[in-house]
1. In segment A:69-113, which strands (runs of 3 or more DSSP E) lie fully inside it and hold 2 or more residues that are more than 9 Å from chain B (Cβ to nearest Cβ)?
2. If you go through segment A:39-59, how many residues are under 14 Å from the mean Cα position of the chain (by Cα), assigned to a loop (DSSP other than H, G, I, E, B) and more than 10 Å from chain B (Cβ to nearest Cβ)?
3. Which one of these does B:G41 not meet: (1) more than 22 Å from A:R44 (Cα to Cα); (2) among the small types (G, A, S); (3) not in a strand (DSSP E or B)?
4. Kindly state which strands (runs of 3 or more DSSP E) lie completely within segment B:44-109 and contain at least 3 residues that are within 13 Å of chain A (Cβ to nearest Cβ) and surrounded by 20 or more Cβ atoms within 10 Å (Cβ to Cβ).
5. Scan segment A:3-11 and give yes if some residue there is of a type in the set (D, E, K, R), touching a strand residue (DSSP E or B) at 6+ places or on another chain (Cβ under 9 Å), closer than 13 Å to A:L110 by Cα and buried (at least 16 other Cβ atoms within 10 Å of the Cβ), otherwise no.
6. Do we find that B:F25 is buried (at least 22 other Cβ atoms within 10 Å of the Cβ) and under 27 Å from A:T5 (Cβ atoms) in this structure?
7. Are any of the residues in segment A:93-100 crowded, with 17+ Cβ neighbours inside 10 Å and in contact (Cβ under 8 Å) with a residue 40 or more places away in the chain?
Amino acid sequence: DGGITQSPKYLFRKEGQNVTLSCEQNLNHDAMYWYRQDPGQGLRLIYYSQIVNDFQKGDIAEGYSVSREKKESFPLTVTSAQKNPTAFYLCASMERGANEKLFFGSGTQLSVL
Amino acid sequence: GIQVEQSPPDLILQEGANSTLRCNFSDSVNNLQWFHQNPWGQLINLFYIPSGTKQNGRLSATTVATERYSLLYISSSQTTDSGVYFCAVRIAGANNLFFGTGTRLTVIP
């Protein structure tokens, strides 16, 4: 099955702890994205990557870090510097060509203990 | 930055009714997509429609790029259509999509 897999589905973070959210895709897409969604709100861009070993900050990158060592993988680390991390995190990838459609994983709900 | 406004913010329909959701944007775009987020949070891509009209079953979408708006039509609504509908746009030269705040649709039996 082709798609985007996010794990874990639920994650709890203690004060001062860094946590990493996993995102893997087997769609052979070059571009990958991380979005944050707060209750009742739209999606805001955290980081994106157009190609392996390259990534750019989005609108709300402070307190987050990413890596893109492989085409298939784009993990997001929520650092202790992110003071309000409780949110729903969505990973996406985009196909290129005539129809540049965005596809999403099923999301990770992060909560603070 | 670009402004993306969706209306109405909330919509309640009886099963079988039709509806129109609107997306207005403040700048020229080269990519516009509609998404449905189900009650479990999964986002499904409905349409890639930077211009023109497309139809997929009971859903259709029209984008008038020169007037900076897009419409999503849902006909004969079903309870499974409930959720939040987002439009997202990309301006020329940008690498990412910008999302509107969504329309929350509730279809009651």
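Readers should treat all values here as calculations from the given coordinates under stated rules, not as data from a laboratory. Keep in mind the model is a prediction, meaning the values are calculated, not measured. All Cβ positions, glycine included, derive from the backbone under ideal geometry; neighbour counts span all protein chains shown.
1. Counting at least 2 such residues, we get A:76-78, A:87-94, A:108-112.
2. Number satisfying all stated conditions: 0.
3. (1)
4. Strands (runs of 3 or more DSSP E) meeting the threshold: B:83-91.
5. No; the residues of segment A:3-11 include none that is of a type in the set (D, E, K, R), touching a strand residue (DSSP E or B) at 6+ places or on another chain (Cβ under 9 Å), closer than 13 Å to A:L110 by Cα and buried (at least 16 other Cβ atoms within 10 Å of the Cβ).
6. Spelling it out, it is not the case that B:F25 is buried (at least 22 other Cβ atoms within 10 Å of the Cβ) and under 27 Å from A:T5 (Cβ atoms).
7. Yes, there is a match, as at least one residue in segment A:93-100 is crowded, with 17+ Cβ neighbours inside 10 Å and in contact (Cβ under 8 Å) with a residue 40 or more places away in the chain.
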